[in-house]
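For reference, the structure discussed in these notes is given below.
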Amino acid sequence: QVQLVESGGDLVQPGGSLTLSCVATGWRLDSFAIGWFRPVPGKEREGVACLKADDGSTYYPESLKGRFTISRRHNTVFLHMNSLTPEDTAVYYCAADQVRRKYATCEPDFAIWGQGTQVTVSS
């Protein structure tokens with residue numbers, strides 16, 4: 001059974017950068033879709049970046065392209081965030097699913113979730 005543990009959340013000043021990590025245990029991530037999500041008003045969570053682990057295909061919502069980057073090294077998935085604003089303040093969750101095509105829509109219907117890590121952007 002795959003378990004996910006996020007880390008790296010912190011207090012960051014506006015305009016700053018931060019990298020979050022998500023370590024997966026119990027299974028190799030090679031055959032999974034992996035994503036990062038955060039809560040938004042009016043919706044339970046939104047996908048901020050998703051990845052298909054077997055070929056590295058990625059998805060980003062238009063509003064975040066160029067600021068957020070998802071990457072993977074072995075069984076650790078990273079979310080690199082740049083030019084952070086107070087609107088990026090949230091708990092960020094890592095999620096995984098064996099249905100690999102889910103990366104392309106990056107909806108919060110993934111099967112396996114971590115506990116989240118808090119990112120606060122404030123001066």
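Given (1) assigned to a strand (DSSP E or B); (2) open to solvent by 70 Å² or more (accessible area, probe 1.4 Å); (3) not hydrophobic (A, V, I, L, M, F, W, C), where does Arg101 come up short, assuming only one miss?
(1)
Report, ordered by the first and then the second residue, all pairs with beta carbons closer than 8 Å, sequence separation of six or more or different chains, a first member in the stretch 15-27 that is within 16 Å of Leu51 (Cβ to Cβ), and a second member that is open to solvent by 30 Å² or more (accessible area, probe 1.4 Å) and aromatic (Phe, Trp, Tyr).
Thr19/Phe78; Leu20/Phe78; Ser21/Phe78; Cys22/Phe78
Using the structure shown, decide if Tyr92 is crowded, with 17+ Cβ neighbours inside 10 Å, free of Cβ contacts under 8 Å to residues at least 60 places away in the same chain and not β-branched (Val, Ile, Thr). Even if it seems obvious, please write down each step before you answer.
On the way: crowded, with 17+ Cβ neighbours inside 10 Å: yes; free of Cβ contacts under 8 Å to residues at least 60 places away in the same chain: no; not β-branched (Val, Ile, Thr): yes.
Against the criterion (crowded, with 17+ Cβ neighbours inside 10 Å, free of Cβ contacts under 8 Å to residues at least 60 places away in the same chain and not β-branched (Val, Ile, Thr)), Tyr92 does not qualify.
Sort through Ser123, Ser83 and tell me the only one that's open to solvent by 10 Å² or more (accessible area, probe 1.4 Å), touching a residue at least 40 places away in the same chain (Cβ under 8 Å), in contact with a Pro (Cβ under 7 Å, 6 or more places away or on another chain) and among the hydroxyl-bearing types (Ser, Thr, Tyr).
Numbers: Ser83 fails: in contact with a Pro (Cβ under 7 Å, 6 or more places away or on another chain).
After ruling out the rest, the residue left standing is Ser123.
Looking at this structure, is Tyr92 part of a helix (DSSP H, G or I), in contact with a strand residue (DSSP E or B) (Cβ under 7 Å, 6 or more places away or on another chain) and of a type outside the set (Val, Ile, Thr)?
Values: part of a helix (DSSP H, G or I): no; in contact with a strand residue (DSSP E or B) (Cβ under 7 Å, 6 or more places away or on another chain): yes; of a type outside the set (Val, Ile, Thr): yes.
Considered against the rule, which asks whether it is part of a helix (DSSP H, G or I), in contact with a strand residue (DSSP E or B) (Cβ under 7 Å, 6 or more places away or on another chain) and of a type outside the set (Val, Ile, Thr), Tyr92 comes out as no.
Say whether the condition of being touching an Asp or Glu at 6+ places or on another chain (Cβ under 9 Å) and more than 14 Å from Ile34 (Cβ to Cβ) is met by at least one residue in the stretch 94-116.
yes
Show the residue pairs meeting these rules: Cβ distance below 8 Å; 6+ apart or different chains; first residue within the stretch 52-71 and closer than 16 Å to Phe37 by Cβ and open to solvent by 40 Å² or more (accessible area, probe 1.4 Å); second residue among the β-branched types (Val, Ile, Thr) and assigned to a loop (DSSP other than H, G, I, E, B).
Close Cβ pairs (under 8 Å, with a partner that is among the β-branched types (Val, Ile, Thr) and assigned to a loop (DSSP other than H, G, I, E, B)) amount to Tyr59/Thr105.
Being open to solvent by 60 Å² or more (accessible area, probe 1.4 Å), out of contact with any strand residue (DSSP E or B) (no Cβ under 6 Å at 6 or more places or on another chain) and either outside any loop (DSSP other than H, G, I, E, B) or modelled with pLDDT under 95 (or both) is the filter here, so list the residues in the stretch 1-35 that pass it.
If the condition is that a residue be open to solvent by 60 Å² or more (accessible area, probe 1.4 Å), out of contact with any strand residue (DSSP E or B) (no Cβ under 6 Å at 6 or more places or on another chain) and either outside any loop (DSSP other than H, G, I, E, B) or modelled with pLDDT under 95 (or both), then Gln1, Trp27, Arg28 are the ones that fit.
Looking at the stretch 36-85, which of its residues are of a type in the set (Val, Ile, Thr) and part of a loop (DSSP other than H, G, I, E, B)?
Thr85
The values are calculated or read from the model by the stated rules, or taken from the named source; none is laboratory data. What you see is a predicted model; the values in this text were computed from it and never measured. Here the Cβ is made from the backbone with ideal geometry for all residues, glycine too, and neighbour counts use every protein chain on show. Keep in mind that these areas ignore ligands, DNA and RNA; they rest on the heavy atoms of the full protein, side chains included. Shrake-Rupley method; radii C 1.70, N 1.55, O 1.52, S 1.80 Å.
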